[in-house]
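Asks: After the structure tokens below, expect a handful of questions from me.
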Amino acid sequence: LGLAALVAALAIVPLVAGNYPVKLLQEILIWGIFAMSLDLLMGHAGMVSFGHSAFFGIGAYTAALALTKAPGLLAALGLPAAAAALGALVIGAVAFQNAFVGAEDGITGVPRPPVLGLDIGSPARFHAYLLVLVAVAALFLWRVARSPFGHVLRGIHENEARMQAVGYPVNRYKLLAFV
């Protein structure tokens, strides 16, 4: 009942608020979906997000591959650092202040495609679509967390060795949660 009241309250925001608060609320809702997925990964499965470690991973894999082909200081330090720097350069070129991706404003004017034949181009329709999407995502992740799969993830979080000892393919469950 409380969740229904919250969704109803959020649904009327475009009717009583200006463009900026509505757009801000929409951003919050979108990030909410991300937060719920991260909760499944970290809160239920007990795994750390690897997003912030991407450049470390690029360097580590580069070192491992380079050292198997040509062991040496260049393979151990030079190539991994260069690969991580290149990865950061590519991602940073897209993310920071480049006109071809809209600089700090991002890409603007992206059209919203119809969803199931419904036009979601207006702010109010997009807001309604977004509320439905967030509610469906929340219900889906709530159900996943309380399903047998979610209980296995909780078990892995609390005692991975025990879950593996009783026969659960721990790595498969962790990979599915990550995906």
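The values are calculated or read from the model by the stated rules, or taken from the named source; none is laboratory data. Since the structure is predicted, the reported quantities are computational estimates derived from the model, not experimental observations. Using ideal geometry, Cβ is built from the backbone for each residue, glycine included, and neighbour counts are taken over all protein chains shown. The protein model used for the area step is the full one, side chains on, heavy atoms only, and it has no ligands, DNA or RNA in it. Shrake-Rupley method; radii C 1.70, N 1.55, O 1.52, S 1.80 Å.
Asks: Cβ-Cβ under 8 Å, sequence separation 6+ or interchain: first residue in the stretch 165-176 and closer than 16 Å to Met47 by Cα, partner open to solvent by 60 Å² or more (accessible area, probe 1.4 Å) and part of a helix (DSSP H, G or I). Which pairs?
Replies: These pairs meet every condition: Val170/Glu160; Val170/Gln164.
Asks: State all residues of the stretch 18-42 that are of a type in the set (Gly, Ala, Ser) and touching a residue at least 24 places away in the same chain (Cβ under 8 Å); if no residue qualifies, say none.
Replies: Within the stretch 18-42, Gly32, Ser37 qualify.
Asks: So Tyr20 ticks every box in (1) under 30 Å from His127 (Cα atoms); (2) surrounded by 10 or more Cβ atoms within 10 Å (Cβ to Cβ) but one. Which box is left unticked?
Replies: Every condition holds for Tyr20 apart from (2).
Asks: Also: Restricting to the stretch 121-150, name every residue that is surrounded by 15 or more Cβ atoms within 10 Å (Cβ to Cβ) and more than 15 Å from Leu41 (Cβ to Cβ).
Replies: Listed by number, the residues that qualify are Arg125, Phe126, His127, Ala128, Tyr129, Leu130, Leu131, Val134, Ala135, Ala138.
Asks: Within the stretch 4-17, can you find the residues that are without any contact (Cβ under 8 Å) to a residue 24 or more places away in the chain and either part of a helix (DSSP H, G or I) or open to solvent by 50 Å² or more (accessible area, probe 1.4 Å) (or both)?
Replies: Ala4, Ala5, Leu6, Ala8, Ala9, Ile12, Val16
Asks: So, of the residues in the stretch 23-35 that are open to solvent by 50 Å² or more (accessible area, probe 1.4 Å) and touching a helix residue (DSSP H, G or I) at 6+ places or on another chain (Cβ under 9 Å), which turns out to be modelled with the highest pLDDT?
Replies: So the residue we want is Lys23.
Asks: Scanning the stretch 39-53 for residues that are surrounded by fewer than 14 Cβ atoms within 10 Å (Cβ to Cβ) and in a helix (DSSP H, G or I), which turns out modelled with the highest pLDDT?
Replies: Only one residue tops the list, namely Asp39.
Asks: Let me ask something else about it. Residues of the stretch 161-179 being of a type outside the set (Gly, Ala, Ser) and at pLDDT below 95, which ones?
Replies: Val170, Asn171, Arg172, Tyr173, Lys174, Leu175, Leu176, Phe178, Val179
Asks: Within the stretch 151-179, work out how many residues are assigned to a helix (DSSP H, G or I) and open to solvent by 100 Å² or more (accessible area, probe 1.4 Å).
Replies: Qualifying residue count, the stretch 151-179: 9.
Asks: Turning to a different aspect of this structure: Test of understanding: among Leu74, Leu133, Leu89, which residue is at pLDDT 85 or above and on the phi < 0 side of the Ramachandran plot?
Replies: Exactly one of Leu74, Leu133, Leu89 is at pLDDT 85 or above and on the phi < 0 side of the Ramachandran plot, namely Leu133.
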